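Shown next, in structure tokens, is the structure this report addresses.
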Amino acid sequence: MLELLPPPPTDPLWDLTYEFGTDDRPERLNLVLGVYRDQTGTTPVMAAVREAEIRLAERSESKEYRGLSGNAAFNRSLLDLVLGPGPGGPADRAAAVQTVAGSGALRLLADLIWRTRPGTTVWVSDPAYVNHRPILEAAGLKVRPYGWRDAEGGFDTAGVLRELREARRDDVVLLQGCCHNPTGVDPLLDDWEALAESAVRGGWVPFVDLAYHGLGDGLDADLLATRMLAERVPEMLIAVSCSKNFGLYSDRVGCAIVLGASARSVRHAETALQNAARTLYSMPPEHGAAVVTTILEDEGLRAAWRAELDVMRGRIMANRADLVAHLSALGRTEQARSLARQKGMFSMLPLTPQQMLRLRRQYAVYGTTSGRINIAGIPANRIPRLAQGIAAVLDT
Ligand code: PMP
């Protein structure tokens, strides 16, 4: 049977990572994957996570199955974290289902859309996170791209709003809540307000992907747009990842949130999500969700986690500022200016695929062919040489 399988495409990001693994130049720098690294190049276990794991190891008595929605306390904590705590807010008309990380949430919500209306069009930014289109199409949905950046490299408010005027009622628009991957370009709060107005007027449903909250302007600031949308629109879908902001990449922790106009529709959506999970993997893994819950439910651990997250964010911001300063010093002011406006773990270098290849060949710097680099992956002492490399390939 397997002889019948035609050669399948491979994942370009992981291909580059494997190529990096075979590069024996000591100065090689992997800026391909979106993983936070500290100054030593390590992706650390956060201290709050380690402490939560110790507590869990000491007190856990059973590994019995959880329910179909996973860990209920985790789901409650994530609803509070994302939508804001307390009664009277949008969390009152929402349900959350624990998922296999952010990717699992995207897929489960895509399945929910398909189960609701198989012909639904999902609007996806261009450029988008590499896995957005494949996940949506794998769930059977139609994808339609919409622009993201203007000619100056900022958010294209007028252009996006113009395109979304064509969105039909019950179309879904995928938005990244903060730290847009791959561009680092986010709408400003006024732009978000205009997007909310467009959704209410046009009847399209926002589908917010949250993977980097806490790594842009701060945890609450990064959640502001999502919370504002949730206050304004009748229905909304949110895919939450705990991979980056808890450093739980390999534990695969996240959740799918649905907001509905009635308790009945929310209940139905939650059951549909459970049914989708049941046919894919039955139930999500418990460990990472238990770690996140232990942190969020304990005042001390929660404060320690937030402080650690602030340190990570500070390192990313310092790296970007330093790269901007070095590029400016090399006379690349235009490129420096557009990098300075970007936020979060990624930046998009204004380089062609050929220039990115040259950066890899001549400077051992691995970014994606589209020009995306992981700002959090640069050791501070490597920034001057990285800037020199960028400036040099810009001339070629
Ligand atoms: N959304 C975006 C925008 C991402 O960048 C990522 C990870 N790179 C994800 C979702 C999925 O993250 P994970 O499945 O590792 O939680």
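The values are calculated or read from the model by the stated rules, or taken from the named source; none is laboratory data. Worth saying up front: this structure is predicted, and the values here are computed from it rather than measured. Positions of Cβ are backbone-derived with ideal geometry, glycine not excepted, and every protein chain shown enters the neighbour counts.
Among the residues of region 164-181, write down those that are more than 16 Å from the ligand (Cβ to nearest atom), touching a residue at least 40 places away in the same chain (Cβ under 8 Å) and at negative phi. If you could, list the steps in order and put the result at the bottom.
To start, the set of residues in region 164-181 that are more than 16 Å from the ligand (Cβ to nearest atom) comprises 164-171.
When the remaining residues are screened for being touching a residue at least 40 places away in the same chain (Cβ under 8 Å), the result is 164, 167-168, 170-171.
Leu164, Ala167, Arg168, Asp171 - these are the residues of region 164-181 that are more than 16 Å from the ligand (Cβ to nearest atom), touching a residue at least 40 places away in the same chain (Cβ under 8 Å) and at negative phi.
Keeping to region 196-222, report how many residues are over 30 Å from Glu166 (Cβ atoms) and surrounded by fewer than 22 Cβ atoms within 10 Å (Cβ to Cβ).
Of the residues in region 196-222, 5 are over 30 Å from Glu166 (Cβ atoms) and surrounded by fewer than 22 Cβ atoms within 10 Å (Cβ to Cβ).
Give the residue that is modelled with the lowest pLDDT, with candidates limited to residues of region 115-132 that are surrounded by fewer than 19 Cβ atoms within 10 Å (Cβ to Cβ), away from the ligand (no atom under 12 Å from the Cβ) and not β-branched (Val, Ile, Thr).
So, considering only residues that are surrounded by fewer than 19 Cβ atoms within 10 Å (Cβ to Cβ), away from the ligand (no atom under 12 Å from the Cβ) and not β-branched (Val, Ile, Thr), the one modelled with the lowest pLDDT is Gly119.
Find all pairs meeting these conditions: Cβ atoms under 9 angstrom apart; at least six residues apart or on different chains; first residue within region 26-39 and within 17 Å of Arg358 (Cβ to Cβ) and away from the ligand (no atom under 15 Å from the Cβ); second residue assigned to a loop (DSSP other than H, G, I, E, B) and hydrophobic (A, V, I, L, M, F, W, C).
Here the result reads Glu27/Ala364; Arg28/Ala364; Leu29/Ala364; Leu29/Ile378, each pair linking region 26-39 to a residue that is assigned to a loop (DSSP other than H, G, I, E, B) and hydrophobic (A, V, I, L, M, F, W, C).
Taking only region 87-105 into account, find how many residues are within 16 Å of the ligand (Cβ to nearest atom) and surrounded by fewer than 23 Cβ atoms within 10 Å (Cβ to Cβ).
Residues of region 87-105 that are within 16 Å of the ligand (Cβ to nearest atom), as a first pass: 96-105.
Still in the running and surrounded by fewer than 23 Cβ atoms within 10 Å (Cβ to Cβ): 100, 103.
Qualifying residue count for the region: 2.
Of all residues in region 121-141, how many are under 15 Å from Trp204 (Cβ atoms) and part of a loop (DSSP other than H, G, I, E, B)?
Result for region 121-141: 1.
All but one of (1) under 19 Å from Leu106 (Cβ atoms); (2) without any contact (Cβ under 8 Å) to a residue 12 or more places away in the chain hold for Arg201; which doesn't?
(1)
On the given criteria, is His287 within 16 Å of the ligand (Cβ to nearest atom) and either among the aromatic types (Phe, Trp, Tyr) or surrounded by 18 or more Cβ atoms within 10 Å (Cβ to Cβ) (or both)? Steps first, please.
Working: within 16 Å of the ligand (Cβ to nearest atom): yes; either among the aromatic types (Phe, Trp, Tyr) or surrounded by 18 or more Cβ atoms within 10 Å (Cβ to Cβ) (or both): no.
When the stated conditions are applied, His287 does not pass them.
Name the single residue that is farthest from the chain's Cα centre (by Cα) among those in region 242-268 being among the aliphatic types (A, V, I, L, M) and more than 10 Å from the ligand (Cβ to nearest atom).
Taking region 242-268 as the starting set, the residues that turn out to be among the aliphatic types (A, V, I, L, M) are 248, 253, 256-259, 261, 263, 266.
With the extra rule that they be more than 10 Å from the ligand (Cβ to nearest atom), the set shrinks to 256-259, 261, 263, 266.
Details: Ala256: 13, Ile257: 15, Val258: 17, Leu259: 19, Ala261: 26, Ala263: 28, Val266: 24 Å.
Only one residue tops the list, namely Ala263.
Kindly indicate which of Leu349, Leu339 is in contact with a Ser or Thr (Cβ under 7 Å, 6 or more places away or on another chain) and touching a residue at least 12 places away in the same chain (Cβ under 8 Å). Lay out the reasoning, then the answer.
Values: Leu349 fails: in contact with a Ser or Thr (Cβ under 7 Å, 6 or more places away or on another chain).
Of the residues listed, the single one that is in contact with a Ser or Thr (Cβ under 7 Å, 6 or more places away or on another chain) and touching a residue at least 12 places away in the same chain (Cβ under 8 Å) is Leu339.
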